[in-house]
1. For SER117, work out the one condition from (1) among the polar types (S, T, N, Q); (2) surrounded by fewer than 19 Cβ atoms within 10 Å (Cβ to Cβ); (3) modelled with pLDDT of 95 or more it doesn't fulfil.
2. Out of the residues in segment 185-201 that are without any contact (Cβ under 8 Å) to a residue 60 or more places away in the chain and not hydrophobic (A, V, I, L, M, F, W, C), state the one that is nearest to SER121 (Cα to Cα).
3. When you look at TYR74, is it surrounded by 19 or more Cβ atoms within 10 Å (Cβ to Cβ), within 15 Å of the ligand (Cβ to nearest atom) and among the aromatic types (Phe, Trp, Tyr), yes or no?
4. Just one of the numbered conditions (1) within 17 Å of the chain's Cα centre (by Cα); (2) outside any helix (DSSP H, G or I) is not true of LYS232; which one?
5. Where in segment 1-99 are there helices (runs of 4 or more DSSP H), lying wholly inside it, with at least 2 residues that are free of Cβ contacts under 8 Å to residues at least 12 places away in the same chain, more than 24 Å from ILE194 (Cα to Cα) and in contact with a strand residue (DSSP E or B) (Cβ under 8 Å, 6 or more places away or on another chain)?
6. If LEU85 meets every condition in (1) closer than 25 Å to ALA129 by Cβ; (2) outside the structural domain of LYS267 (by TED's automatic domain parsing) apart from one, which number is that one?
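The values are calculated or read from the model by the stated rules, or taken from the named source; none is laboratory data. Everything numeric here is computed off the predicted structure, so don't read it as measured data. Cβ atoms come from the backbone with ideal geometry, glycine included; neighbour counts cover every protein chain shown.
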Amino acid sequence: MKRQPDNIIGILGNPLKQSMSPILHNYWIKQNRLNYYYCKFQIENIKDINKAIKKLNIKGLNVTIPFKKQIIKYLDKVDKTSSLLQAVNTIKNNNGLLEGYNTDVKGFQQGLDEFKSLSMSKPAIILGAGGACEAVIHGLKEKGIKEIYLMNRTKRKAEAIAEKYAKVLVKGWMDKDIINNVGLIVNTTSLGMIGYPSLPLSLRQVDRDTKIYDIVYNPLETQLIKEAKKNKLDYKTGLSMFLGQAQESFKIWFKIKPTINNYLIYKIKNNIVSR
Ligand code: ATR
């Protein structure tokens, strides 16, 4: 008889139908012969989560929309990055002590590191001031970016974020003169995501060295990525950040940095396409 895993890890969120985290983590669990299973926990509220995790002896969890901020008050401690961002995407149950981490910053940086020649002495643009924006700000600042220009359709949301950081300036939404003269453009808006309109951005006149990073991964090839390809610009899709944050979470739970191979990428890509 096939042995059932003794230990549970998983993801907390709502909705979770689209989540690809189980595919990744269960692959890595198998690859590393761990006695675990990664489940989806789609719940309505997180009021009793602290007790539930401890009682069920869940070893670790990812946390996603809409709980990344709400979860903090139910944890016993959080690391510096989560505290700065006021958002947690990874929980480790350390013998009954619930610790919160945020691996989105490292995940984003993993994509940055994959660019062949990204200049940190040029400013970067971040499009969007929603949930993912601050992880990107941190990721870029840690890498020593010169300056960040924040653009958002609703300007006051960008202003509220920029106020908290040095060298983050708010600029007009889709200001062409600025867009055409930066080292990096990062899309953190929902535009381009399945079910949303595309980002109305032409890259025809941008500096030839400008790098494009769309953190959207569903679809993998957003209109922005297509536009980058058409104009022969170096780009990263959201897959880099998605894989990077997952690797970091796995490392927190198991002290193993899991590997990414072509088969895994094929599995993920296939799953995105078949939605
Ligand atoms: P939230 O803003 O609730 O945190 P999010 O999904 O984390 O939600 O962020 C969505 C981002 O995409 C926001 O920056 C949003 O801009 P607004 O702050 O103006 O809402 C941006 N966004 C979503 N739809 C957009 C659209 N049609 N045009 C421009 N920006 C859009």
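1. (3)
2. PRO200
3. no
4. With respect to (1) within 17 Å of the chain's Cα centre (by Cα); (2) outside any helix (DSSP H, G or I), LYS232 is out only on (1).
5. So the answer is none; nothing clears 2.
6. Condition not satisfied by LEU85: (2).
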